[in-house]
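J.: Pasting in a structure now, in structure tokens, and then I'll have a few things to ask.
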């Protein structure tokens with residue numbers, strides 16, 4: 001089974017983005033994958049902003065990315081782009097940190113006007129970091145996520161179906177990557 005790292009790029013403590021990412025992580029854990037979550041807002045701000053890769057928490061987060069087989073990158077969309085918090089962290093990663101990894105981008109936002117932010121904003125950065133396979137990402141409207149009541153996270157049936165298909169595509173890519181790794185071993 002794969003080691004999957006989930007990066008949540010929301011600066012908010014009670015975040016719809018984090019709720020969506022954790023929902024996806026729970027689904028993947030049911031398959032037997034090892035799932036680790038890093039809430040980037042929990043990393044030391046001064047170390048992030050000063051690009052202090054020697055900081056122990058920053059160094060551990062970078063090592064977690066490098067050690068993962070696959071990465072789920074979850075971000076809110078602000079001003080038609082992924083969060084600054086995620087940007088600052090991605091800038092600290094070594095140039096080929098995502099080499100050989102399957103990556104699933106997830107985004108949340110308040111309007112469908114930001115629907116293409118994954119493809120035009122986030123995907124090029126993930127490619128530049130060497131992601132082997134970036135699966136079809138998913139943008140979810142904030143209003144379709146319940147992160148407060150403890151009920152189902154995805155309140156809209158169509159959104160639930162879309163996330164199910166998105167996770168299925170990620171699972172399939174993981175299976176192909178695992179088969180390729182075994183064949184080359």
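The values are calculated or read from the model by the stated rules, or taken from the named source; none is laboratory data. Here the structure is a predicted model, which is why all the values come from computation and not from measurement. FYI the Cβ positions are ideal-geometry reconstructions off the backbone, even for glycines, and counts take in every protein chain you see.
J.: Test of understanding: among 102, 62, 88, which residue is touching a residue at least 40 places away in the same chain (Cβ under 8 Å), farther than 25 Å from residue 161 by Cβ and either touching a helix residue (DSSP H, G or I) at 6+ places or on another chain (Cβ under 9 Å) or crowded, with 19+ Cβ neighbours inside 10 Å (or both)?
T.: Of the residues listed, the single one that is touching a residue at least 40 places away in the same chain (Cβ under 8 Å), farther than 25 Å from residue 161 by Cβ and either touching a helix residue (DSSP H, G or I) at 6+ places or on another chain (Cβ under 9 Å) or crowded, with 19+ Cβ neighbours inside 10 Å (or both) is 88.
J.: Ok, one more. Return the pairs, sorted by first residue and then second, in which the second residue is assigned to a helix (DSSP H, G or I) and surrounded by fewer than 19 Cβ atoms within 10 Å (Cβ to Cβ), the first residue lies in segment 23-36 and is without any contact (Cβ under 8 Å) to a residue 40 or more places away in the chain, the beta carbons are less than 6 Å apart, and the residues are 6+ apart or on different chains.
T.: If the second residue must be assigned to a helix (DSSP H, G or I) and surrounded by fewer than 19 Cβ atoms within 10 Å (Cβ to Cβ), the pairs left are 35/29.
J.: Look at residue 159 and say whether it is without any contact (Cβ under 8 Å) to a residue 60 or more places away in the chain, part of a helix (DSSP H, G or I), farther than 15 Å from residue 2 by Cα and in contact with a helix residue (DSSP H, G or I) (Cβ under 6 Å, 6 or more places away or on another chain).
T.: yes
J.: For segment 32-55, give me each residue that is closer than 24 Å to residue 17 by Cβ and exposed (fewer than 15 other Cβ atoms within 10 Å of the Cβ).
T.: Within segment 32-55, 34, 36, 42, 44, 45, 46, 49, 51 qualify.
J.: From the list 49, 40, 22, pick out the single residue that is under 20 Å from residue 139 (Cα atoms) and touching a helix residue (DSSP H, G or I) at 6+ places or on another chain (Cβ under 9 Å).
T.: 40
J.: For segment 134-168, which positions are farther than 23 Å from residue 113 by Cα and surrounded by 16 or more Cβ atoms within 10 Å (Cβ to Cβ)?
T.: The answer is 167, and nothing else.
J.: Another one. Could you give every pair whose Cβ atoms fall below 7 Å, whose first residue belongs to segment 111-126 and is on the phi < 0 side of the Ramachandran plot and buried (at least 18 other Cβ atoms within 10 Å of the Cβ), and whose second residue is at pLDDT 95 or above and assigned to a helix (DSSP H, G or I), counting only separations of at least 6 or pairs across chains?
T.: Pairs found: 125/90.
J.: Let me ask something else about it. Out of all the residues in segment 1-19, which are farther than 20 Å from residue 174 by Cβ and assigned to a loop (DSSP other than H, G, I, E, B)?
T.: Residues satisfying the conditions are 9, 10, 11, 12, 13, 14, 15.
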